[in-house]
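Contents: one structure, followed by commentary.
The values are calculated or read from the model by the stated rules, or taken from the named source; none is laboratory data. Since we're looking at a predicted model, the values are computed, not measured. Note that each Cβ is placed from the backbone with ideal geometry, even for glycine, and that neighbours are counted across all protein chains shown. Accessible surface is based on the protein model in full, side chains and every heavy atom, while ligands, DNA and RNA are left aside. Shrake-Rupley method; radii C 1.70, N 1.55, O 1.52, S 1.80 Å.
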Amino acid sequence: QVQLVESGGGLVQPGGSLSLSCAVSGRLFSLNVMGWYREAPGKERELVAVVTSGGNTNYADSVKGRFTISRDNAKNTVNLQMNSLKPEDTAVYYCNANLKRIWYNNGEVYWGKGTVVTVSS
């Protein structure tokens, strides 16, 4: 059973920093694109940042220059370093992974349960 487990959320003041981490566990053949999405109260889930297995990244315009996504392919983890946080960054942050459990199967998308980030003074 593949699982994604996030950690690192919490309360931080505006201008502060937080680091999120997500670990993928279980038996799998390949781990492809990994990323972070967020869902603010009353809003739809949106992409924050993604990273390929080769290290290519893409960010939402709203977080460019402030957030950095990285991954450790040996440990099957993806991290999100968030700096210069703003109140509008408040949301539940979800880890996302596109993977194959078996080489001949199609890719599947898995989600973590989410971790809450609150930016407030």
Problem - Tabulated pairs, region 93-111, first farther than 22 Å from Lys43 by Cβ and aliphatic (A, V, I, L, M), second assigned to a loop (DSSP other than H, G, I, E, B) and open to solvent by 60 Å² or more (accessible area, probe 1.4 Å), C-beta under 6 angstrom, 6+ apart or interchain - result: Ile102/Phe29
Handout entry: Single condition Glu6 does not satisfy, out of (1) within 24 Å of Trp103 (Cβ to Cβ); (2) open to solvent by less than 50 Å² (accessible area, probe 1.4 Å); (3) not in a loop (DSSP other than H, G, I, E, B)
Key = (1)
Problem - Flag for Ser53 being over 17 Å from Gly114 (Cβ atoms), at pLDDT below 95 and either β-branched (Val, Ile, Thr) or surrounded by fewer than 18 Cβ atoms within 10 Å (Cβ to Cβ) (or both) - result: yes
Fill in the blank from the handout: Going through region 77-112 in order, the residues found to be among the polar types (S, T, N, Q) and at pLDDT 95 or above are Thr77, Asn79, Gln81, Asn83, Ser84, Thr90, Asn96, Asn98
Exercise for the section: Go through (1) assigned to a loop (DSSP other than H, G, I, E, B); (2) without any contact (Cβ under 8 Å) to a residue 60 or more places away in the chain and name the single condition Ser84 misses. Expected result: (2)
Practice task
Tell me which residues, restricted to region 23-74, are more than 14 Å from the chain's Cα centre (by Cα) and among the basic types (Lys, Arg).
Solution key: Arg27, Lys43, Lys64, Arg66
Practice task
Kindly indicate whether Asn73 is free of Cβ contacts under 8 Å to residues at least 24 places away in the same chain, closer than 28 Å to Gln1 by Cα, open to solvent by 40 Å² or more (accessible area, probe 1.4 Å) and of a type in the set (S, T, N, Q).
Solution key: no
Practice task
Go through Val24, Val63, Val78 for me and flag whichever is part of a loop (DSSP other than H, G, I, E, B) and surrounded by 15 or more Cβ atoms within 10 Å (Cβ to Cβ).
Solution key: Val63
Practice task
Evaluate region 27-38: report whether one residue or more is open to solvent by 20 Å² or more (accessible area, probe 1.4 Å), in contact with a Gly (Cβ under 6 Å, 6 or more places away or on another chain) and in contact (Cβ under 8 Å) with a residue 40 or more places away in the chain.
Solution key: no
